[in-house]
Amino acid sequence: MSTDIGVWIAAFLTLGILSFLYKDNPFYKVSESIFIGVSAAYWFVYMIYNVIEPNLLGNLQKGEWWYAVAGILGVMMLFRLIPKIGWLSRWAVAFMIGTGAGLNFIVYLQSNVMKQIRGTLAPLNSIGNIMMIVGVITGLIYFFFSAEHKGLLGGAAKVGIWFIMVSFGASFGYTVMARISLLIGRMHFLFSDWLGLLH
Amino acid sequence: MSEKLRRKGRGCRKGGLIPLAAFIFFLFLWDGAWAEDLDTLPPSPPREVTAFDTPNDAGGSITLTWRKSTDDGTGAGDVTAYIILRAERKEGPYKEITKLPAGAVRYEDTTTKDGVDYFYKVSVSDGVNISESPPSQAVHSKAQWFNFKRLNMLLAGFILSLGIVYFISRARAGKELYIRKIAGLDAVNEAVGRATEMGRKVFFIPGILDLDDVQTIAGLSILGQVAKLTAEYGTKLEVPVCRSVVMVTARETVKEAYLDSGHPDAYNDEIVHYLTDDQFGYAAGVDGLMLREKPAAIFYQGAFYAESLILAETGFSVGAIQIAGTAMPSQLPFFITACDYTLIGEELFAASAYLSREPRALGSIKGQDLGKAIILFILGLGVVLETLGITGFSQLFTTQ
């Protein structure tokens, strides 16, 4: 059994979080509060040292003064705390939404449209290709919102949702396996690092 | 025949029998060392070394091309490597920047400073001897305004944007734009109504990503519609978030919804509150809130990762009506399994337009549908051409 106080605290908190499976209880509440508090503080410090310091202060020190614009937008977010000029924070939010949407437009257009089209354009010379092409076309028809899913369009959309559901089933099974490995990791910590029963 | 091979050949003919016998004698004496000692002739140097600024890039790169040494693959066939040398003055000193295997005819130097002139030499080695090409002409790297290799992206973006702008202008002009029913959205009223009847809260979880993610923006758009309903019905709404900027925007969204519905007095900042940026810390916090508050309806609208099932299972255990929506393919199966209704992928983006009937949102959905119709046509045509063995069409969609 471990003699490290840190391992004991980690084991207590792990069991506290797992006790949630039984029902809400004081141990869970304590573990949850510590988890939220510590992680919020951790991310606060992380943001200062990994975002503000290298990306803003570091660049300003190098004389790249245009980074001050980002700093000013960041400060504008804090104007919410002063009701009279709180509206200025909207500018910073608008800038963030606008740039996010603009940059993602190109990213999605490339990865979700152009590359998918390129990948789907294959000859009908194998069962695999036929399945892929039918799946993509009917799946796309399912996400067509301008017409009611009736008749031929409805039939194609139904085939499309079947393809989608089959892929979800495969994804579900794959992810469950990944989650079980996470559980095994925590169990290994309890039985090995804490109790020392496994070597 | 390469110069090196010719010189080697002449050497053997001139020698005659006596030197040949001496040669064999030394072979026996020095065993394996003879082969290295014999090769004193360098391989022929690479020819036509050309350096130029790499086209269609953002600068910081110079490309070199050359014709292989005649002893690489042919001739003596003993070339082992090409060595790229660089200097900032023609007379040198030249420094080695990389070594490439035999057969190489091109190298992209991505360590250049824009605007600085560089000279390059390409050396060739056979493991013992080295010969150098003459220096290249001076060349410097610079950024280009356009990447012509991405012209297809520009065209696709332009056509899609044009369609969206056209349909938005139609919607603004008062034209009725049809959008089919989206399963799950009709249940929004039902879910909020149920919470009202039971006197319990409505929870809205806007995902765990920041505001630069489109799914978060779509989720907040739906939050506006849900907040309008909760304001009208007098139902309590709670929005725990894990990003500070999302908190700010969600507060604005809810405040505006309460104002629009004529109940500004019912709004307070506590409706939207921050928990933590940490993924599982956030999940633990929301789970605790669910168990204690026992909401009658829970909306998960935005980007989710591994916490999706943890949240949805807890919501299910407290008996809430759950409506999820995300475009994260790996999380959709969990929401479909644990929630009553799930908006799949693009349905999330169409949902806010469907609920609000706002011209800009409706026009955007119609514009995207036009894009899908064009893609369906392209797929049909492209597959036929590919099947007929015409592959040029599909190359138009290759991107960088």
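The values are calculated or read from the model by the stated rules, or taken from the named source; none is laboratory data. Everything quoted here is computed from the prediction, not taken from an experiment. For neighbour counting, all protein chains shown are included, and Cβ atoms are generated from backbone atoms with ideal geometry for every residue, glycine included.
Could you please find all residues in region B:198-255 being over 31 Å from the mean Cα position of the chain (by Cα), assigned to a helix (DSSP H, G or I) and among the aliphatic types (A, V, I, L, M)? Result: B:198, B:226, B:227, B:229, B:231, B:254. Set side by side, the residues A:145, A:189, A:168 differ, and just one is under 28 Å from residue B:209 (Cβ atoms), touching a helix residue (DSSP H, G or I) at 6+ places or on another chain (Cβ under 9 Å), hydrophobic (A, V, I, L, M, F, W, C) and assigned to a helix (DSSP H, G or I), which is A:168.
Checked against (1) in a helix (DSSP H, G or I); (2) in contact (Cβ under 8 Å) with a residue 24 or more places away in the chain; (3) more than 25 Å from residue B:287 (Cα to Cα), residue A:11 passes all but a single condition, namely (3). Looking at region B:78-156, none of the strands (runs of 3 or more DSSP E) lying wholly inside it contains 2 or more residues that are under 30 Å from residue B:397 (Cβ atoms) and modelled with pLDDT under 90.
Checked across region A:46-63, the condition of being within 14 Å of another protein chain (Cβ to nearest Cβ) and within 14 Å of residue B:280 (Cα to Cα) holds for no residue. Of all residues in region A:19-29, those satisfying the criterion of being assigned to a helix (DSSP H, G or I) and away from chain B (no Cβ under 11 Å) are A:19, A:26, A:27. The set of residues in region B:284-334 being within 15 Å of residue B:184 (Cβ to Cβ), touching a strand residue (DSSP E or B) at 6+ places or on another chain (Cβ under 7 Å) and within 10 Å of chain A (Cβ to nearest Cβ) consists of B:332 alone.
Kindly establish whether residue B:279 is closer than 18 Å to residue B:215 by Cβ and in contact with a Ser or Thr (Cβ under 6 Å, 6 or more places away or on another chain).
Answer is no for this residue.
Residue A:173 satisfies every condition listed in (1) within 12 Å of chain B (Cβ to nearest Cβ); (2) modelled with pLDDT of 90 or more except (2). Considering only region A:127-145, I want to know if a residue exists there that is over 21 Å from residue B:381 (Cα atoms), buried (at least 18 other Cβ atoms within 10 Å of the Cβ) and in contact with a Leu (Cβ under 6 Å, 6 or more places away or on another chain). Taking every residue of region A:127-145 in turn, none turns out to be over 21 Å from residue B:381 (Cα atoms), buried (at least 18 other Cβ atoms within 10 Å of the Cβ) and in contact with a Leu (Cβ under 6 Å, 6 or more places away or on another chain).
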